[in-house]
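Enquirer: Starting off with a structure, shown below.
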Amino acid sequence: MANRIQLRRGTAAEWTSSNPVLGQGEPGVETDTGKIKFGDGVGTWTSRPYASKGDQGIPGVADDASVADLVATLGTDTQVALSATIATGIEDSEYLPATFAPQPVNSIIPIGTSFTEGNYGPGTSKPLGYQARGYFVWAEAFLGQRLKWVRNAGVPGNTTAMMLARIDADVIAYAPGWCLIEVGPNDATTNVTAATTQANIAAMVDKLTKAGIRAAVTTPTTTVAHTTGQRQAALAVGAWLRTWAQTQPNVVLADFASVWVNPADGAPVTNLADDGTHPSPDGAIALGKVLADALAPRVPAIRDLPVSNISTGNLLTNGMATGNVSGLATGFGVNGSGATPVHTASKVTRTDGIPGEWQQLAIGPGNVAGRTMNWPTISTGFVVGDVVEALVEWKRVAGAVVVYGTTQQFLQAKLIAIGGSAETVWCDRISSEKVWTAWPEGGVAKTPPLTIPAGTTSLVLQFTAQGVDTMTLQFGAAVVRKVT
């Protein structure tokens, strides 16, 4: 749980009336004047001066300083924290800089190139499918969906100059807690100098900082088509970022280049870029892991899943996978039951400190067609026009994964509107995607919002492992809920 900074406060008259002795360095705020005093452990309130840069030792704060004056001297992180806590008793618009009004710390907008646009989702050309080739899709899964994705601000072909030109309208206007700047390969492709790229990144971060938005920045990626000089320019920006980010309290660095770049020639690592430029599913998983690892220590961990089948708001009757009927939780089913292909369902007690059981599905050998786990059908609790989404907690049990030749392979969660001819997909894929070599250990899958169409009679949640001969998966909590 995050620490909370709580300041003693009251009107000027209340302070004068009570006239307390504040502890050494303890602040007190007058809520009607915005002025602040610090205690020395001896003198009463009326004997202490208002905060000033003189005997208080607070550089840059004038005599009769207000809270806004004091806050303006603090670091960015402290300003954001104070704006959220002082707001309990003080109107932010009057006493704090407007740009540091409280922000939702777990909301984010990624801005970038086709790398980012290719995650798809709401606001893009494919609003009902989060893509297997999307690095942000995987980062969200690895983070347990703790970040609330406000919108996708990726634009194919964008350079950092183009991002800088639109960051006010496409990011800052939506006031997220975070912005991810995906630098991408396009500056190097168009022969923008490293110095210019660096200046554009710094200018975007400056805009975000002034707006009270934290920044995550990626190092540039390279392409197969890049010349040696272009790759060197991209790598020079990355080297600068590794040093510069350490001096920026508002910046988190996600070092994409550290896993993307071939040590020998600077090109993308084989199998990470399916077309020589954009991530394959393997590439997206690798980049998503880098981003998740960078953000995890800085974003509050929120388990956005139900804890009981009696929890309100879950349209699933058995979101906790309770019960055991021949190895399956009550109401669960597996598509394609029979001698061939082979699968075995069982219930496994959780050992991660969370009560309950995993629904386990051991697939294969001989499972060319894939296996699909089905949750209980949802027949009530929704009407046409409702917007719904699904989250599924899943993990892959350690052990061998055997794929079947070059048959298309994927892991995928779907929420299907039966009778309404509509579905929304986590980890969607394209026909050119074939062999996966990187199989993630698990996370939380989340489907894009689905507006229930006319004719829908029921909703079905599914999770599929396709094209694998041997794999063991486990499923924990799941929810299908309305989006408000």
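The values are calculated or read from the model by the stated rules, or taken from the named source; none is laboratory data. Computed from a predicted model, the values in this text were never measured in an experiment. Cβ atoms come from the backbone with ideal geometry, glycine included; neighbour counts cover every protein chain shown. These area figures cover heavy atoms from the full protein model, side chains too; ligands, DNA and RNA do not enter into them. Shrake-Rupley method; radii C 1.70, N 1.55, O 1.52, S 1.80 Å.
Enquirer: Students sometimes get this wrong: rank THR11, THR424 by accessible area, probe 1.4 Å, all chains present, largest first. Walk me through the intermediate numbers first.
Expert: Working: THR11 40, THR424 0 Å².
Of THR11, THR424, the descending order of accessible area is THR11, THR424.
Enquirer: Taking the range 107-148, how much of its Cα-Cα pair set, in percent, is spaced more than 13 angstrom apart? Can you show the working numbers first?
Expert: Working: 440 of 861 pairs.
Looking at the range 107-148, the distances longer than 13 Å represent 51 percent of pairs.
Enquirer: Sort LEU7, LEU241 from largest to smallest accessible area, using a 1.4 Å probe on the heavy atoms of the protein chains. The partial results should precede the final answer.
Expert: Values: LEU7 35, LEU241 0 Å².
Ranking LEU7, LEU241 by accessible area, largest first, yields LEU7, LEU241.
Enquirer: Given 10 Å bins starting at zero, what is the percent of C-alpha pairs of the range 238-311 in each, up to the one with the largest pair distance?
Expert: 17, 35, 27, 14, 6, 1
Enquirer: Mean projection of the alpha-carbon convex hull of the range 261-357 over all orientations, in nm²?
Expert: Values: hull surface 45.0 nm².
The directionally averaged projection comes out at 11.3 nm².
Enquirer: While we're here: Give me the one-decimal nm value for the distance between modelled label points at THR16 and SER258, 7 Å along each residue's Cα-to-Cβ direction.
Expert: 5.8
Enquirer: Between GLU26 and ALA173, what is the FRET efficiency for a Förster distance of 35 Å, r being their Cβ-Cβ separation, to the nearest 0.05? Let's see the in-between values first.
Expert: Working: r = 39 Å, r/R0 = 1.12.
Efficiency computed from Cβ-Cβ geometry: 0.35.
Enquirer: Beyond 19 Å, what share of the Cα-Cα pairs of the range 182-272 remains, rounded to the nearest whole percent?
Expert: Working: 1505 of 4095 pairs.
Result: 37 percent of Cα pairs exceed 19 Å.
Enquirer: Can you give the Kirkwood hydrodynamic radius for the range 126-234, in Å, rounded to one decimal and based on Cα pairs?
Expert: On the way: mean 1/r = 0.0665 Å⁻¹.
The answer is 15.0 Å.
Enquirer: Here's a follow-up. If you add up the charges near GLY323, with Lys and Arg at +1 and Asp and Glu at -1, over every other residue whose beta carbon is less than 11 angstrom from its beta carbon, what do you get? Mind showing how you got there, number by number?
Expert: Numbers: positive: LYS347; negative: GLU357.
So the surrounding residues net to 0.
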